[in-house]
Amino acid sequence: MGLHTDFDKGRRAFTDTLLQFSGIYSFYEKHLESEIVKFPLPNHLAIVLDGNRRWAKFHLLDPAFGHNYGADKAEELLNWIHDIGVKITTLYILSTENLERKDQELENIYKLLEIKLERLYNDERVHNRRMKIKAIGDTKILPKRLQEILTKLEESTSEYNSMFLNIAIAYGGQKELIEAIRKIAQMAKQGDIQVNEIDEKTIESCLYTSHLPQPSPDLILRTSGEKRLSGFLIWQSAYSELMFMDVFWPE
C-alpha cells in the first residue's frame with residue numbers, strides 16, 4: 001500500500017507540473033518540481049501531442065500557428081522531462097492518418113519539423129546527456145529532406161544509451177504490427193525460427209521499439225480530450241497507465 005501511495009503521489013506531482021508546462025495553470029509553483037523527484041518517476045513516458053489544429057481554430061488562428069506554438073511547448077516540455085531524469089521519452093508527432101491532410105498544411109508541418117529536428121541535431125545537451133534519438137514509423141514515405149535529417153540524428157546518436165528519445169512520425173500501430181508479422185514470416189520461411197518458437201520476445205524484437213531497454217511505457221498521456229490511443233503503441237501499451245487530458249496540447 002505504501003509503495004502504491006508513493007507512486008500515486010509522484011504521478012500527481014508529475015502530471016501537475018506537466019499541466020503547468022502546458023500552460024493550463026495560471027501560475028507556476030516551483031516547489032512542485034522539487035517534490036517530484038522524491039517519488040517514483042516513469043522510466044518510459046509516452047505523450048500523444050494532440051490538439052494543435054483545434055486549438056488554433058478555437059482561437060481563430062491559422063493551423064500553422066497552432067503547430068508552431070505546439071512545437072515550441074513540446075521543446076520546453078522535453079527539456080524539463082530530461083532535466084528531472086525520465087530516461088525514455090516517446091513523442092507521437094505525426095500519424096499515418098495525418099499524412100492525408102491538405103498539401104499546404106502538410107508542407108508547413110514538414111518545414112517546421114525540419115527546423116526543430118535540425119535544432120535538436122545541433123543541441124549540445126543531446127550529446128552531453130548521451131541521448132539516443134530514433135524515429136519510429138514508416139519514415140520512407142516522408143519527404144527526402146526530412147528523411148535525411150532523421151537519418152543524420154540517428155547516426156550521430158547511435159552509440160548513446162543513457163537516455164532515449166523516440167519520435168513517432170508517419171507512425172501507425174497497425175502498420176507496425178504488420179511489418180513485425182512480415183519479418184517473423186520471413187524468418188520462418190528462411191528456417192531461422194520454428195513456428196512453435198515464436199513468443200512475445202520474438203514479436204518485440206521486430207517492433208519499432210526493439211532498440212529500447214524498456215519498450216513498454218509506464219505512462220501514456222494524451223491531450224485534446226480524446227479518450228483513445230488511436231493505434232499508438234498497440235503492443236507496447238498493454239500494461240501502461242493511461243491518462244487523458246481534457247485540454248488541447250499547446251494550451
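Taking the inverse of the mean reciprocal distance over all distinct Cα pairs, the Kirkwood hydrodynamic radius of segment 168-251 comes to 14.5 Å.
Hey, what did segment 42-244 get for relative contact order, percent, Cα under 8 Å, at least 6 apart? All intermediate terms of the calculation are to be shown ahead of the outcome.
Numbers: 270 pairs, mean separation 55.4, N = 203.
Computed value for segment 42-244: 27 percent relative contact order.
Can you bin segment 110-151 into rounded, prolate or oblate? Criterion: square roots of the alpha carbon gyration tensor eigenvalues sorted a ≥ b ≥ c, rounded for a/c under 1.5, prolate for a/b above b/c, oblate for the rest. Oblate. Using a/c under 1.5 as the rounded threshold, could you call segment 42-244 rounded, prolate or oblate? The axes a ≥ b ≥ c are square roots of the C-alpha gyration tensor eigenvalues, and prolate needs a/b larger than b/c, oblate otherwise. Prolate shape, in that a/c is at least 1.5 and a/b is the bigger ratio. The magnitude of the dipole of segment 42-244, with charges of +1 and -1 set on the Cβ of Lys/Arg and Asp/Glu and taken from the Cα centre, is near 220 debye.
Please report the relative contact order for segment 150-249, taking Cα pairs under 8 Å with a sequence separation of at least 6, and give it as a percent rounded to a whole number. All intermediate terms of the calculation are to be shown ahead of the outcome.
Working: 77 pairs, mean separation 25.3, N = 100.
Relative contact order comes out at 25 percent.
Report the GluC sites (Glu not before Pro) located in segment 125-184 that are in a DSSP loop and have at most 15 other Cβ atoms inside 10 Å of their Cβ, or state none. Show your work: numbers first, answer last.
Values: sites: Glu148, Glu154, Glu155, Glu159, Glu176, Glu179; in loops: Glu159.
Passing both the DSSP loop test and the Cβ count: Glu159.
Where a number appears in this text, it was derived from the coordinates with a stated rule and is not lab data. Here the structure is a predicted model, which means the values were calculated and not measured. Counting neighbours? That spans all protein chains shown, and the Cβs are built from the backbone with ideal geometry, glycine included.
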